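> Sharing a structure here in structure tokens format.
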């Protein structure tokens, strides 16, 4: 059986998807962009602030599934432009106190709501 993870302190989905699905102790999370959950506004003042908001959204989805960053085994990072790679890496790395998960980072033509960074992940118990 799969369990839908939907947490009020993470952004509500902007389409027909769940924040995350838990199945057999594996959490499959939808991509997070820098939507501030309370206001619903996109944080884009700087790429650092945008990335921190994305990582905070991920933290909240993990929390709702009784997990934390150490449970993440795989991330996918999507950037609107590779010029953000170094800044995003710096912020991203600060959220992992142990070995970081496997990941890929790709530049894409566009992201929802014209975001500059989107990150999805898989976590295990």
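The values are calculated or read from the model by the stated rules, or taken from the named source; none is laboratory data. All values derive from a computational prediction rather than experimental measurement. For neighbour counting, all protein chains shown are included, and Cβ atoms are generated from backbone atoms with ideal geometry for every residue, glycine included.
> Go through (1) closer than 17 Å to residue 52 by Cα; (2) over 14 Å from the mean Cα position of the chain (by Cα); (3) in a loop (DSSP other than H, G, I, E, B) and name the single condition residue 110 misses.
The number of the failed condition is (1).
> Out of region 1-34, which residues are under 25 Å from residue 81 (Cβ atoms) and in contact with a helix residue (DSSP H, G or I) (Cβ under 7 Å, 6 or more places away or on another chain)?
If the condition is that a residue be under 25 Å from residue 81 (Cβ atoms) and in contact with a helix residue (DSSP H, G or I) (Cβ under 7 Å, 6 or more places away or on another chain), then 11, 14, 29, 32, 33, 34 are the ones that fit.
> Can you confirm whether region 1-14 contains a residue that is more than 16 Å from residue 124 (Cα to Cα), surrounded by 13 or more Cβ atoms within 10 Å (Cβ to Cβ) and modelled with pLDDT of 95 or more?
Scanning region 1-14 turns up no residue that is more than 16 Å from residue 124 (Cα to Cα), surrounded by 13 or more Cβ atoms within 10 Å (Cβ to Cβ) and modelled with pLDDT of 95 or more.
> Looking at (1) surrounded by 15 or more Cβ atoms within 10 Å (Cβ to Cβ); (2) free of Cβ contacts under 8 Å to residues at least 12 places away in the same chain, which is the only condition residue 83 fails?
Result: residue 83 passes all but (1).
> If you scan region 82-105, which residues turn out to be in contact with a strand residue (DSSP E or B) (Cβ under 6 Å, 6 or more places away or on another chain) and farther than 19 Å from residue 28 by Cα?
Passing the criteria: 82, 88.
> Could you say whether any residue in region 66-74 is modelled with pLDDT under 95 and surrounded by fewer than 19 Cβ atoms within 10 Å (Cβ to Cβ)?
At the first step, the residues of region 66-74 found to be modelled with pLDDT under 95 are none.
No, because not a single residue in region 66-74 is modelled with pLDDT under 95 and surrounded by fewer than 19 Cβ atoms within 10 Å (Cβ to Cβ).
> From 77, 47, 33, 21, which residue is surrounded by 13 or more Cβ atoms within 10 Å (Cβ to Cβ), touching a strand residue (DSSP E or B) at 6+ places or on another chain (Cβ under 8 Å), touching a residue at least 40 places away in the same chain (Cβ under 8 Å) and under 22 Å from residue 124 (Cβ atoms)?
On the way: 47 fails: under 22 Å from residue 124 (Cβ atoms); 33 fails: under 22 Å from residue 124 (Cβ atoms); 21 fails: touching a residue at least 40 places away in the same chain (Cβ under 8 Å).
None of the others qualify; the one that does is 77.
> With (1) over 14 Å from the mean Cα position of the chain (by Cα); (2) free of Cβ contacts under 8 Å to residues at least 24 places away in the same chain; (3) closer than 26 Å to residue 110 by Cα; (4) surrounded by 11 or more Cβ atoms within 10 Å (Cβ to Cβ) as the list, and residue 39 as the residue in question, which single condition is left unmet?
(4)
> Now a separate question. Can you confirm whether region 103-112 contains a residue that is under 18 Å from residue 11 (Cα atoms) and surrounded by 15 or more Cβ atoms within 10 Å (Cβ to Cβ)? Please lay out each step first, then the result.
Step one: of region 103-112, the residues under 18 Å from residue 11 (Cα atoms) are 111-112.
From the residues that got through so far, the ones that are surrounded by 15 or more Cβ atoms within 10 Å (Cβ to Cβ) too are 111.
For region 103-112, residues under 18 Å from residue 11 (Cα atoms) and surrounded by 15 or more Cβ atoms within 10 Å (Cβ to Cβ): present.
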